[in-house]
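The values are calculated or read from the model by the stated rules, or taken from the named source; none is laboratory data. Predicted model only: the values in this text are computed from it and were never measured. Here the Cβ positions follow ideal geometry from the backbone for every residue, glycine too, while neighbour counts run over all protein chains shown. Quick note on the areas: whole protein, heavy atoms, side chains included, nothing else; ligands and nucleic acids left out. Shrake-Rupley method; radii C 1.70, N 1.55, O 1.52, S 1.80 Å.
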4 protein chains.
Amino acid sequence: MAQADFYSDNVAPVAGAVLRAIVAANAGPAAGYGADAVSQRLQRRFGDLFEAEVRVFPVATGTAANALSLSALTPPYGAVYCSSVAHIHDSECGAAEFFTGGAKLVPLPEQDGRVSVETLREAIAGAGVGRPQKVQPAALSLTQGTERGTVYPVPQVRALCDLAHEHGMKVHMDGARFANAAAGMGVSAADLTWRAGVDVLSFGATKNGAMGADAIVVFDPAIAEALTYRCRRAGQVFSKMRFVSAQLEAIVEGGLWLDLAGQANRMAARLGSGLGRLQGVELLHPVEINEVFVRMPPRMVEGLRARGFGVVDRGGGIVRLVTAFDIAEGDVDALLDAARTLE
Amino acid sequence: MAQADFYSDNVAPVAGAVLRAIVAANAGPAAGYGADAVSQRLQRRFGDLFEAEVRVFPVATGTAANALSLSALTPPYGAVYCSSVAHIHDSECGAAEFFTGGAKLVPLPEQDGRVSVETLREAIAGAGVGRPQKVQPAALSLTQGTERGTVYPVPQVRALCDLAHEHGMKVHMDGARFANAAAGMGVSAADLTWRAGVDVLSFGATKNGAMGADAIVVFDPAIAEALTYRCRRAGQVFSKMRFVSAQLEAIVEGGLWLDLAGQANRMAARLGSGLGRLQGVELLHPVEINEVFVRMPPRMVEGLRARGFGVVDRGGGIVRLVTAFDIAEGDVDALLDAARTLE
Amino acid sequence: MAQADFYSDNVAPVAGAVLRAIVAANAGPAAGYGADAVSQRLQRRFGDLFEAEVRVFPVATGTAANALSLSALTPPYGAVYCSSVAHIHDSECGAAEFFTGGAKLVPLPEQDGRVSVETLREAIAGAGVGRPQKVQPAALSLTQGTERGTVYPVPQVRALCDLAHEHGMKVHMDGARFANAAAGMGVSAADLTWRAGVDVLSFGATKNGAMGADAIVVFDPAIAEALTYRCRRAGQVFSKMRFVSAQLEAIVEGGLWLDLAGQANRMAARLGSGLGRLQGVELLHPVEINEVFVRMPPRMVEGLRARGFGVVDRGGGIVRLVTAFDIAEGDVDALLDAARTLE
Amino acid sequence: MAQADFYSDNVAPVAGAVLRAIVAANAGPAAGYGADAVSQRLQRRFGDLFEAEVRVFPVATGTAANALSLSALTPPYGAVYCSSVAHIHDSECGAAEFFTGGAKLVPLPEQDGRVSVETLREAIAGAGVGRPQKVQPAALSLTQGTERGTVYPVPQVRALCDLAHEHGMKVHMDGARFANAAAGMGVSAADLTWRAGVDVLSFGATKNGAMGADAIVVFDPAIAEALTYRCRRAGQVFSKMRFVSAQLEAIVEGGLWLDLAGQANRMAARLGSGLGRLQGVELLHPVEINEVFVRMPPRMVEGLRARGFGVVDRGGGIVRLVTAFDIAEGDVDALLDAARTLE
């Protein structure tokens, strides 16, 4: 029997409303490269969502959103601070280095996926500001929710942004799971980003019910100007943009993005809570979005896989389970039941 | 009344079969990043189509396909020869320069969009091969069908490839309208590419009925290896790849790509033929694919636009009209009727 | 018998005063990377020379000076206009593309090596400003004296700079033979550069008596800040900087640079004048600095070479002769005598 | 009274023989860009020195030598392993990232500046070879002598190279203080490099008596071909190359490089030994080349500086003292005497 897949949120299908929006967008000709009505409307929709003038650049992948964002924030001789487990550092095949012309990612120690203000302060203090042999602090990249399934509380985001700005740096937020963070915290998109000091956001939708649609959301017009060209030059401007814009519009329409992410979060909470009660299973990080990290006996991992559950073994007995928007209580309980038999 | 849009083939909607394939792909979870069944199958489908072992890399845009292809063919100190009207040179915001680490595009004189063997020979002869102050001939990029609505006959492709290979260069084919060329010439995909010496093809589908799906088709495993990483690093590997692969599969399934392109070509022929008979209209290039280039009185251009027809004025009275796959005889005739009243 | 070498001005040895300055700089320890007394003094010397606050970055080669300068003036998606015979376009193996992260050099038609205001205006008009598929006008690079042995009169420099600035572009001057231009025109360094609107100058000294010392002279502090890091990152900051600074100081000390260049210019004038009187020899460009371009019968070229004279055959019977600072009247007359026997 | 400067070996002047060679090279015209007699001879001299066919590329700085070397060894999506204190990682303003098109430096834990075979093995094991989201192991860069004043014994170099080659990687040696390592170990240049598996060497001369001359020494013709163009494109090919070649020739002539380095090493040994006997001073690493690292009371550091001794305080009470080739016993003893009064 096929079991639910907890491998990643990008194994999930496309949410119904998104698919319907794609189909609806397929009516007759429309101007290319973002000049169509849906794409134009999208700019305003995101403006409403973020309660600000913003510029939205739909792109094909989260990697593109991140790397393009950073390319607009750092000179080639800049240092980009991120956590040591940041996706941009660890899992994007050097995209950030490529798009920035060779800027340097500086991985910082993290706790539960979060970089502390103190850690950033020390890094800047030791960076050699003004010394020509040193790459110069240029940008901070925060992942919200983090790669360890946690979130940055708003005051921490603000404190990190303030510190970065004091030193002339810009702040990027990798929001591959921004919806999960916003839903989990019950905080508005504006409060989570520009009101706290974020300059550019990678707004992830693909992991949250879209088909292939992420977006760069820019709160600063000067950055937007550069991205107009950088996106095109990167082959990230769809000629039939309407179909990507339609996905993004459908995702934010009526708060769907928060509904989907909220469901995913609740399933992760249920899963984490259930697993944490099992003998020999250790919950490694607080479950604040839709990811659960546990230490689990090898026997249990193998048993779950043998029974058809997709889970990621990260080595050393550490297992990650991700609940996409389409995971239901029954899926979670089926996994928990199976795990119990493997205690 | 809304009229047909002859602005570009990317103003067209998505072909029905493609949309159905996307919907069909949306069934339950599937592995990400191309490990899904549709994407795996796509490799074989393209192998069948090209009668060879190939590697297919689905990407978001034609610009990405072109620039990534070139990045695998030239060192940063290489010269990439193309026609002076090549899309890679003229309309991709320097993508080729970006992806190659600063290789130099060398535009060559063209006739009807085609570069002649003699022209290429002279360019290589004057390139300063082996002189360190000169960028070194590394790649040739041919557009098939060309940016002037014509095609390269197979013998000319072969002669150009032979010449390039003799000088240690590789050959890229920009096939944004490859389907139109293949349909127009009645030549197999294999004969048009690797059998004639092409090393890498940008296979365009977006202009031919897809939603957002182009592909790099590689005939050389060593190049494929590098592209595996280059594509990822460029943010061009979709996590939910199945939805892009499904588009490509639907396009080639049962020869749909040739049917759609053939229809587009026929409409262009009809349009070109009709326009060519008008007073004051001069057909500028043979109509061999789905583009018509004419010199037209300003009054006629303005009149067509006033009546709602999308056409591109390229300056100097030169007008481009593109017939997408969804243009019907009635659309063409309506434009011709309108034009006649503007003679 | 060894004859003088008219092959290039970089076949010449080092001027005596420069060599003495190097030897003088070799006294005991000195701080590295430009913190030494000579290098500090150099900043002021160039300030005096240019009658302005400037920042000087000594670098190893003219190619480095040009490419680094441009990297500070254009974003990667920029267009850099230059003449079609510009050294940066033709003879630096793509250095500008490399250092700028893939900006595009746009070669413009020239007359006697000079780009006209009208030509630049047309290029900008056709550039597609604001269109994302087009690289955006970012910089103009003028060579003074030009690659054809001529100079730009000051009013022309000013008009070109004004036009560039009107369109938000910056202006670079490739001054590989800046000394020859200044000496030939009898114009001050300030009048030739920032007073006419030049933003950054590649100040060439190697061709004019130095050993290996060119410099970027920056008239805008914001550009200087970026170059501090870009130069280091390019491996262009000498640890024992004093020895390069000493060369530059010696070159400008007491007007030596103008004396050396003046001598070179006079010899070129003598040579050009003499050759122009010969049967079958055609002077191709006005001789305004230290280069002479002639069309000459193959027999004469071969004969001169057979007699030991270094000259460059550029193909098509076009011959370039360069007079370095160490060429004397006797050298010129010997060549003219030889040429006469080959008429 | 002026005291000796232990700040760095690049505060030293130029060795007499080197200066004489420069002066000697200044005789009449000579072909540019390495076609002169001295530069041609240099190729053979280095061939003799390394007992192999080599290609030598003289460059302006050690940073250029390192970054250019790496650019020929790794694709842009490669990982370059080095120690966490490697100069290429820490003190070259991202040059390696720039020249390689954005490859990733992966800093590894070190002990006394050395990376162990075990550490490298673990790094490769965890690198995700073949996984597209990961930069791929491409090169290893070893510093010989290390940034902590130690050397890699030949068997360790060989074991590291073997391991790297087994995984398809290439090996670069940063030999900014290669002479000090060779002199200290009494090992031939060949045994220290290609015989142990090194593919490319940055041969430092500037820190060892030259004026501004480092060299890339290549043991593989395919790499040399690429560097021909990469060096030019980087503005690292001197037009008056003879003056740089002459420095390199003088340095290796008659073993001068080993004599100078040997003297520097002996002075470091004397200094380290003397400092190690002082109350409150702790020798932090074995003194195997010409650098001494100690922990020293702040009072002592300040006192030494107040008495005019140049030393580098690296923070946390850690002090580096470097003995250049021109440091004499009296200089060392003067510092030791001063330090004793500050115990």
Original post:
Say we join alpha carbon atoms closer than 10 Å with springs in a Gaussian network model of chain A; which of A:Gly149, A:Gly316, A:Gly274 then has the biggest fluctuation?
Top reply: A:Gly316
Original post:
Quick one: what does P(r) look like for region A:183-338 with 5 Å bins over all Cα pairs, in whole %?
Top reply: 2, 8, 14, 17, 15, 13, 12, 10, 7, 3, 1, 0
Subject >> Solvent-accessible area buried by D and B, counting both chains, probe 1.4 angstrom, square angstrom >> reply: 1500 Å²
Original post:
Using a 1.4 angstrom probe on protein heavy atoms only, which residues from region B:1-28 are buried by at least 50 Å² of accessible area when all chains are present rather than their own chain alone?
Top reply: B:Asn10, B:Val11, B:Pro13, B:Leu19, B:Asn26
Original post:
Once you sort the root eigenvalues of the Cα gyration tensor of chain D as a ≥ b ≥ c, which label holds: rounded (a/c under 1.5), prolate (a/b larger than b/c) or oblate (the other case)?
Top reply: oblate
Original post:
Any idea how far apart A:Glu51 and C:Glu53 come out in nm if each label point goes 7 Å out from Cα toward Cβ?
Top reply: 4.3 nm
Original post:
Along the charge dipole of chain A, Cβ charges K/R +1 and D/E -1, which of A:Thr150, A:Leu49, A:Cys231 sits furthest on the positive end?
Top reply: A:Cys231
Original post:
Label-to-label distances across copies for B:Glu225, with labels 7 Å out along Cα→Cβ, in nm, shortest first?
Top reply: 1.6, 4.5, 4.5
Original post:
Taking the Cα centre of region C:7-125 as the origin and placing charges on Cβ (Lys, Arg +1; Asp, Glu -1), which of C:Ala35, C:Gln111, C:Leu68 is farthest toward the positive end of the dipole?
Top reply: C:Ala35
**OP:** For A:Glu282, place a label point 7 Å out from Cα along the Cα→Cβ vector, do the same in each other copy, and report the separations in nm, one decimal, smallest first.
**Re:** 3.2, 8.2, 8.7
**OP:** Keeping all protein chains in position, work out how much accessible area B:His167 exposes to a 1.4 Å probe, and write it in Å² to the nearest 10.
**Re:** 90 Å²
Subject >> Calculated over the protein assembly as shown: convex hull of Cα atoms, volume per residue (Å³) >> reply: 176 Å³
**OP:** State the dimensionless ratio Rg/Rh of region B:203-264 (Rg: radius of gyration of Cα atoms; Rh: Kirkwood radius).
**Re:** 1.02
**OP:** Label region B:48-134 by shape, choosing from rounded, prolate and oblate, from the square roots a ≥ b ≥ c of the eigenvalues of the Cα gyration tensor; if a/c is under 1.5 it is rounded, and otherwise prolate applies when a/b is larger than b/c, oblate when it is not.
**Re:** prolate
**OP:** First measure r as the distance between the Cβ atoms of B:Asp162 and B:Arg131, then evaluate 1/(1 + (r/R0)^6) with R0 = 25 Å and state the FRET efficiency to the nearest 0.05.
**Re:** 0.55
Original post:
What are the residues of region D:89-105 that lose 20 Å² or more of accessible area, with a 1.4 Å probe, going from their chain alone to all protein chains?
Top reply: D:His89, D:Asp90, D:Ser91, D:Cys93, D:Gly94, D:Glu97, D:Phe98, D:Phe99, D:Gly101, D:Gly102, D:Lys104
**OP:** Place a +1 charge on the Cβ of each Lys and Arg in region C:23-118 and a -1 charge on the Cβ of each Asp and Glu, then give the dipole magnitude about the Cα centre in debye, rounded to the nearest 20.
**Re:** 340 debye
Original post:
Measuring from centroid to centroid over Cα atoms, what is the spacing of region A:4-40 and region A:139-171 in Å?
Top reply: 30 Å
Original post:
What's the local net charge at D:Gln144, with K and R +1, D and E -1, over the other residues with C-beta under 10 Å away?
Top reply: +1
Subject >> Cα pair distances of region C:75-176 binned at 5 Å [whole percent] >> reply: 3, 14, 25, 27, 19, 10, 2, 0
Original post:
Can you give the percent of C-alpha pairs in region A:1-64 whose distance is more than 16 Å?
Top reply: 66 percent
Original post:
How much area per residue is accessible in the protein assembly as shown when the probe is 1.4 Å and only protein heavy atoms are counted (Å²)?
Top reply: 32 Å²
Subject >> Convex hull (Cα only) mean projected area of region A:126-264, reported in nm² to one decimal >> reply: 9.9 nm²
Original post:
From the label point of B:Glu118, set 7 Å along Cα to the beta carbon, how far off in nm is each other copy's matching point, shortest first?
Top reply: 3.2, 7.2, 7.8
Original post:
What distance in nm separates the simple spin-label points at C:Arg295 and B:Gln111, each placed 7 Å from Cα in the Cβ direction?
Top reply: 2.6 nm
**OP:** Evaluate Rg over Rh across region D:1-112, taking Cα atoms for both radii and Kirkwood's formula for Rh.
**Re:** 1.06
Original post:
Sorted by accessible area (1.4 Å probe), largest first, how do B:Arg307, C:Arg20, A:Arg45, D:Arg148 line up?
Top reply: C:Arg20, B:Arg307, A:Arg45, D:Arg148
Subject >> Prolate/oblate/rounded label for region A:156-230 (Cα gyration tensor, a/c 1.5) >> reply: oblate
Original post:
Can you name the chain D residue with its Cβ nearest the rotation axis from D to A, and give the distance in Å as a whole number?
Top reply: D:Gly102, 2
Original post:
Of all the accessible heavy-atom surface of the protein assembly as shown, with the other protein chains kept in place and a 1.4 Å probe, what percent is carbon and sulfur?
Top reply: 51 percent
Original post:
A:Lys134: which lysines have alpha carbons under 22 Å from its alpha carbon, excluding same-chain residues fewer than 8 sequence positions away?
Top reply: A:Lys104, A:Lys170, C:Lys240, D:Lys104, D:Lys207
**OP:** Quote the charge dipole size of the protein assembly as shown about the Cα centre in Debye, to the nearest 20; the model charges only the Cβ of Lys and Arg (+1) and of Asp and Glu (-1).
**Re:** 0 debye
Original post:
In region D:60-79, which residues give up 10 Å² or more of accessible area once the other protein chains are added, compared with their chain alone (1.4 Å probe)?
Top reply: D:Ala60, D:Thr61, D:Thr63, D:Pro76, D:Tyr77
